[in-house]
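The values are calculated or read from the model by the stated rules, or taken from the named source; none is laboratory data. Since this is a predicted model, take the numbers as computed values, not measurements. Positions of Cβ are generated from backbone atoms using ideal geometry, with glycine treated the same way; all protein chains shown enter the neighbour counts. The accessibility values were calculated without ligands, DNA or RNA, using every heavy atom of the protein model including side chains. Shrake-Rupley method; radii C 1.70, N 1.55, O 1.52, S 1.80 Å.
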Amino acid sequence: MNCCGRLFRSSVGKKLVMAATGLVLVLFAFGHMAGNLQIFLGPEAINRYAHFLQSNKELLWIARLVLLTCVVLHIWSALRLTLENRAARPAGYEGNPAPPEASFASRTMIMSGLIIAAFVIYHLLHYTACVQAINFTGTDFTSLTEKTELGLERHDVYRMVVIGFRQPVVALFYVVAVGLLCLHLSHGIQAMFQSLGWMNHRWRPLLLKLSPTLAWILFLGYVSVPLAVLLRLVG
Ligand code: HEM
């Protein structure tokens, strides 16, 4: 307990919390992207996958709780560290929040992070809670069901995503939000490697290239879905 308290109080501890929770969220982002890409295999693949997740309620709720805890701890440690850094900054730094050589991504971490959090709330209301008022299609997504070969009824996630992204404003909003997510990750993954102590002499050159590469893979993987629907390549 005492050790936990020290972890959350010290700057190094908070950096470790931010890196470990960031790692879990990045792993989730890759897993979720792989799930989404099944849309290119047709309705059967993605609907079977979504049904499998929805029918394992205990596992689903454990995953949701882990993710929620990571999101809360990640935002908390980021805000605390920012406030502590500001308080420790000499007066001459006033009005010059970061060294000039810092990248755009690193200078906008808090802002991009908060916008991503807002996007995730919208996204959960859109496709998980299926709130009709915010999908701008006039369709109740909960009513989209289909019958399996065995005659069982399941949610038609394929049609839901297609109808959802046929709305250009919604699809473009997703593209912009995912762009911000990947900008955040291009610096975040690198900072995570640093905090976890992996940026040693040997690995540094490789890890510096790996972070933007991973961010680009996520960007292209995620935006391919709304763009493919919008361009009528899917649906
Ligand atoms: C454009 C790309 C995306 C598509 C097509 C997409 C699609 C979906 C769909 C269809 C669901 C509902 C699954 C179901 O109820 O069966 C879902 C849930 C979710 N998505 Fe996404 N998503 C995208 C991007 C993202 C991003 C960038 C994040 C955050 C990093 C994210 C985080 C989540 C979370 C946390 C859930 C809730 C999982 C749950 O608790 O059930 N998604 N997504």
- Rounded to the nearest 0.05, FRET efficiency between Leu65 and Glu101 (Cβ-Cβ, R0 30 Å) equals 0.15
- Task: With a probe of 1.4 Å, find how much accessible area the chain has per residue, and write the answer as a whole number in Å².
- Result: 61 Å²
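Using DSSP to call loops (not H, G, I, E or B), can you name the trypsin sites (Lys or Arg not before Pro) in the stretch 183-235 whose Cβ has at most 14 other Cβ atoms within 10 angstrom? Write out the running numbers ahead of the final one.
Working: sites: Arg202, Lys209, Arg232; in loops: Arg202, Arg232.
Passing both the DSSP loop test and the Cβ count: Arg202, Arg232.
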- Message: Taking the full set of protein chains and a 1.4 angstrom probe, give the accessible area of Asp140 in square angstrom, rounded to the nearest 10.
- Response: 60 Å²
- Note on the structure: Expected vector for the stretch 79-86, Karplus 3J(HN,Hα) from phi with 6.51, -1.76, 1.60 and θ = phi - 60°, integer Hz, x for Gly and Pro, equals 5, 4, 5, 4, 5, 5, 5, 5
- Task: On the full set of protein chains, 1.4 Å probe, figure out the accessible area of Trp76 and give it in Å² to the nearest 10.
- Result: 90 Å²
- Relative contact order [Cα under 8 Å, 6+ residues apart], the chain, whole percent: 26 percent
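Report in % the part of the accessible area of the chain that belongs to carbon and sulfur, leaving out ligands and nucleic acids; probe 1.4 Å. If you can, show how the numbers build up before the last one.
Values: 9980 of 14280 Å².
The C+S portion of the solvent-accessible surface of the chain is 70 percent.
May I ask you to list the chymotrypsin sites (Phe, Trp or Tyr not before Pro) in the stretch 112-202 that are in a DSSP loop and have at most 15 other Cβ atoms within 10 Å of their Cβ?
Working: sites: Phe119, Tyr122, Tyr127, Phe136, Phe141, Tyr158, Phe165, Phe173, Tyr174, Phe193, Trp198; in loops: Phe136, Trp198.
In loop regions of the stretch 112-202 (DSSP not H, G, I, E or B), the sparsely surrounded chymotrypsin sites (Phe, Trp or Tyr not before Pro) are Phe136, Trp198.
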- Mind grabbing the accessible area of Leu79 for me, 1.4 Å probe, Å², rounded to tens? 70 Å²
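Could you work out the helix-only [θ] at 222 nm for the chain, with each DSSP H run of four or more residues adding -39,500 (n - 2.57) and the total divided by the number of residues, to the nearest 500 deg cm²/dmol? Don't skip to the end; give the middle numbers.
Numbers: 9 runs with 162 residues, N = 235.
Only helices count here, giving -23500 deg cm²/dmol.
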- Query: How would you rank 15-22, 38-45, highest first, on the average number of other Cβ atoms within 10 Å across their residues?
  - Reply: 15-22, 38-45
